[in-house]
Amino acid sequence: MTTPSLSPHAANFWLEEERAAPERVAEETPMSWKPGGCHCGAVRFTVFAPDEIEALECNCSICRLTSYLHLIVPKERFRLQSGEDRLNIYCFNTGTAQHLFCKICGIKSFYVPRSHPGRYSVNVRCLDEGSYRSLRIMPFDGKHWEEAITTLNVQSFGRRA
């Protein structure tokens, strides 16, 4: 796999984010394990996430077309319950993001994002209905990823301001 071609500032930003304390959000808002999965049910997962979710809505080519809402979490807060053998991977551009989708129904319920390859991005739209109390959607300018990544603060997501 190739290393993403980021500007030095952007590369340093996401590396610093990976070193930051991932459990800071847990101290500030109630959290619980939330179930979710793909349309056909072959892929099922749970994610430890806030009851009041803040998600990113990205306008890059793939997120816009799939209407993906990002909840980015550390890998230890994600558990694939079933369907590992039902997942296919799609990569494009730098090849850093690992877009995982169900090979039966085609739904991408989670993936490894380019912005934080040490985490998972869960599609909030794929969480089971009623599994969270509220949802706040925040825009992210993925069309201009290099510039926008420097403003992304994954650590602050999950709690309502």
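The values are calculated or read from the model by the stated rules, or taken from the named source; none is laboratory data. A quick note: this is a predicted structure, and the numbers were derived from the prediction, not measured. Please note: Cβ atoms are built from the backbone with ideal geometry, for glycine as well, and neighbour counts cover all protein chains shown.
State all residues of segment 118-147 that are touching a strand residue (DSSP E or B) at 6+ places or on another chain (Cβ under 6 Å), modelled with pLDDT under 90 and assigned to a helix (DSSP H, G or I); if no residue qualifies, say none.
Selection gives 142 alone.
Yes or no: residue 158 modelled with pLDDT under 90, over 15 Å from residue 47 (Cα atoms) and assigned to a loop (DSSP other than H, G, I, E, B)?
Answer is no for this residue.
Among the residues of segment 29-44, write down those that are surrounded by fewer than 19 Cβ atoms within 10 Å (Cβ to Cβ) and not in a loop (DSSP other than H, G, I, E, B).
32, 33, 35, 44
Among the numbered conditions (1) at pLDDT below 95; (2) surrounded by fewer than 17 Cβ atoms within 10 Å (Cβ to Cβ), tell me where residue 58 comes up short.
All conditions pass for residue 58, except number (2).
Residue 51 passes all but one of (1) more than 19 Å from residue 133 (Cβ to Cβ); (2) out of contact with any helix residue (DSSP H, G or I) (no Cβ under 9 Å at 6 or more places or on another chain); which number fails?
Of everything listed in (1) more than 19 Å from residue 133 (Cβ to Cβ); (2) out of contact with any helix residue (DSSP H, G or I) (no Cβ under 9 Å at 6 or more places or on another chain), residue 51 misses just condition (1).
Every residue, every condition in (1) touching a residue at least 40 places away in the same chain (Cβ under 8 Å); (2) polar (S, T, N, Q), yes or no:
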| residue | (1), (2) |
| --- | --- |
| 42 | yes, no |
| 59 | yes, yes |
| 65 | no, no |
| 82 | yes, yes |
| 89 | no, no |
| 93 | no, yes |
| 113 | yes, no |
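Does residue 85 satisfy the criteria of being modelled with pLDDT of 95 or more and farther than 19 Å from residue 33 by Cβ?
So residue 85 fits the description; yes.
Taking the condition buried (at least 16 other Cβ atoms within 10 Å of the Cβ) and touching a residue at least 40 places away in the same chain (Cβ under 8 Å), does residue 149 pass?
Yes: the conditions hold for residue 149.
Residues that are at negative phi and in contact with a Cys (Cβ under 9 Å, 6 or more places away or on another chain): find the strands (runs of 3 or more DSSP E) completely inside segment 69-117 holding 3 or more of those.
Where strands (runs of 3 or more DSSP E) fall fully within segment 69-117 and carry at least 3 residues being at negative phi and in contact with a Cys (Cβ under 9 Å, 6 or more places away or on another chain), they are 98-102.
Conditions: (1) farther than 17 Å from residue 100 by Cβ; (2) touching a His at 6+ places or on another chain (Cβ under 9 Å); (3) at pLDDT 90 or above. Residue 72 meets all but one. Number of the miss?
Residue 72 satisfies every listed condition except (1).
I'd like to check something: does segment 110-126 contain any residue that is over 23 Å from residue 143 (Cβ atoms) and among the aliphatic types (A, V, I, L, M)?
no
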